[in-house]
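Participant: The structure under discussion is supplied below as structure tokens; questions concerning it will follow.
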Amino acid sequence: MDSGRISVGDFPGGLDLQATIESGQTYLWWRPDGETYAEPAPSGGDAWYATTHETDDGQLRPLRVRQRGSALEWEAPFDAAPVLERRLRLTDDLPAIRAASADDPVVERAYDAFWGMRLVEEPVFPTLVTFICSAQMRVERIFRMQMALRRELGPAVTVDGTTYHGYPSPTTVAATSEAELRDLGLGYRAPYVRETARMVAEGEVDPGAARSQSYETARDFLTQFVGVGDKVADCVCLFALDHLEAVPLDTWIRKAIAAFYPDCDHGNYADTSRAIRDRLGGDVAGYAQTYLFHYLRHADEEPAALA
DNA sequence: TAGATACCTTATAG
DNA sequence: ACTATAAGGTATC
């Protein structure tokens, strides 16, 4: 495997790798040491994370990274630097984004708590399936469901004696029975995932087409997949399709709205979404949302008590 | 069109 | 122990 290191200090705002990967935006990385998402990492935050990446030649390759201070170290059988730059959004200007975010005590505390956390830009089909799976699920279990999908259905690639499983293709997922998907722990989401995979596999709808659409059009477009409502569509927009203005209205951001921004609650998704987006940061509101989500989920007290 | 309810399964609160 | 409730919601009526 080749290796290299990226000096994260070269990117304004730096990087907090653990927060970026373990903040519930992506479930496509795992820890080779066998630990699941830990809070905080017992290693002190410098654990290795592994994933796979489909390189430009269409081949599945493994990729490992860890952060030691200002160095982001990687190991992969290809030049992983450009891939990491994109998937971890290293070129996002964090200080500028923070400056454009709500000038608000809670948002400031969230930025302070996890400064260096970045949004991710992950492949769209795995992200789509992941967030269909996320309905009524805890973060830890969403992670386990994606591990099971990779382990049981994903293509394997072995390098230096270690086997890595990539995310299963739409065709593979569509060809897997509902019962089998239920056995992987998907529950009632199994038929949703299967039907969505079929739509993608047969070319009926291309989720990637939402990338070039305007944000709200993209969100509506994505809801034609089964199991995808406004919230899941927003997650796909934000974590896979470069729509940084998306603010997924999950239970945590809804609690935050009730506690801190009650005037943003317009009783329906579209209007509430627009109001909280304007409040949090407009075209980069998704950043403030993700910091808030991660901060509130790890806070000792309920949002209402923090007001 | 807005509101209520069922839904797999697990972890945690009481 | 044992039940109720909630977990990054969506589909259906």
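Participant: Where in chain A are the DSSP H helices whose C-alpha atoms run 18 Å or more along the long axis and whose mean Kyte hydropathy is at least -0.5? Write out the running numbers ahead of the final one.
Facilitator: Numbers: long enough: A:139-153 (21 Å, -0.25); A:285-298 (20 Å, -0.39).
TM-like helix candidates: A:139-153, A:285-298.
Participant: Taking the number of other C-beta atoms within 10 Å as the exposure measure, put A:Asp160, A:Asp220 in order starting with the fewest.
Facilitator: A:Asp160, A:Asp220
Participant: Let me have the relative contact order for the stretch A:105-243, percent, based on Cα pairs under 8 Å that are six or more residues apart.
Facilitator: Working: 151 pairs, mean separation 38.4, N = 139.
Taking the mean separation of contacting Cα pairs over the length of the stretch A:105-243, I get 28 percent.
Participant: Let me have the 222 nm mean residue ellipticity of chain A computed from DSSP H runs of 4+ only, each contributing -39500 (n - 2.57), with the sum over all residues rounded to the nearest 500. Could you put the intermediate results ahead of the total?
Facilitator: Numbers: 15 runs with 134 residues, N = 307.
After summing the helix terms and dividing by the residues of chain A, the value is -12500 deg cm²/dmol.
Participant: Given axes a ≥ b ≥ c from the Cα gyration tensor, I'd like to know whether chain A is rounded (a/c under 1.5), prolate (a/b larger than b/c) or oblate. Show your work: numbers first, answer last.
Facilitator: Values: a/c = 1.62, a/b = 1.14, b/c = 1.42.
The shape class here is oblate.
Participant: For chain A, modelled as a Gaussian network with Cα springs under 10 Å, which listed residue fluctuates most, A:Gly187, A:Gly58, A:Gly24?
Facilitator: Between A:Gly187, A:Gly58, A:Gly24, it is A:Gly58 that shows the largest mean-square fluctuation.
Participant: Report, in debye and to the nearest 20, how large the dipole of the stretch A:108-164 comes out about its Cα centre when Lys and Arg carry +1 and Asp and Glu carry -1 on their Cβ.
Facilitator: Details: 7 positive and 7 negative charges, 52 e Å.
Result for the stretch A:108-164 is approximately 240 debye, rounded to the nearest 20.
Participant: Please list, in order along the stretch A:50-58, the HN-Hα scalar couplings obtained from phi with the Karplus expression 6.51 cos²θ - 1.76 cosθ + 1.60 (θ = phi - 60°), rounded to whole Hz, x for Gly and Pro.
Facilitator: 10, 7, 10, 9, 8, 6, 4, 7, x
Participant: At a 10 Å Cβ-Cβ cut-off, how would you order A:Arg144, A:Arg279, fewest neighbours first? Each step should come with its number before you reach the end.
Facilitator: Numbers: A:Arg144 16, A:Arg279 20.
Final ranking by Cβ density, sparse to dense: A:Arg144, A:Arg279.
Participant: Let me ask you something else. Pick from A:Phe78, A:Phe131, A:Phe143: which is most flexible by mean-square fluctuation in a GNM of chain A where alpha carbon atoms under 10 Å apart are linked?
Facilitator: Looking only at A:Phe78, A:Phe131, A:Phe143, the largest GNM fluctuation is found for A:Phe78.
Participant: Sort out for me the Cα centre separation of the stretch A:262-307 from the stretch A:51-91, rounded to whole Å.
Facilitator: Going from one Cα centre to the other spans 31 Å.
Participant: In the Gaussian network model of chain A, springs joining C-alpha atoms below 10 Å, which of A:Ala179, A:Ala148, A:Ala197 carries the largest mean-square fluctuation?
Facilitator: A:Ala179
Participant: Within a Cβ distance under 13 Å of A:Leu149, other residues only, what is the Lys/Arg minus Asp/Glu net charge?
Facilitator: Here the count lands on +4.
Participant: A follow-up question, please. Taking the simple approach of a point 7 Å from Cα along Cα-to-Cβ for both A:Ala156 and A:Thr217, what is their distance in nm?
Facilitator: Calculated label separation equals 4.5 nm.
Participant: With a Förster radius of 41 Å, plug the Cβ-Cβ distance of A:Glu180 and A:Arg297 into 1/(1 + (r/R0)^6) and report the FRET value to the nearest 0.05.
Facilitator: Details: r = 31 Å, r/R0 = 0.76.
Here the calculated transfer efficiency is 0.85.
Participant: So if R0 is 22 Å, what FRET efficiency would A:Thr172 and A:Tyr269 give, r being the distance between their Cβ atoms, rounded to the nearest 0.05? Please list the in-between numbers first.
Facilitator: Values: r = 32 Å, r/R0 = 1.47.
For A:Thr172 and A:Tyr269, the calculated efficiency is 0.10.
Participant: If I take R0 = 45 Å and measure r between the Cβ atoms of A:Leu60 and A:Ala304 in this structure, what FRET efficiency does the formula 1/(1 + (r/R0)^6) give, to the nearest 0.05?
Facilitator: 0.45
Values in this text are rule-based calculations from the coordinates and carry no lab data. Small disclaimer: the values here were computed from a predicted structure and weren't measured. Here the Cβ is made from the backbone with ideal geometry for all residues, glycine too, and neighbour counts use every protein chain on show.
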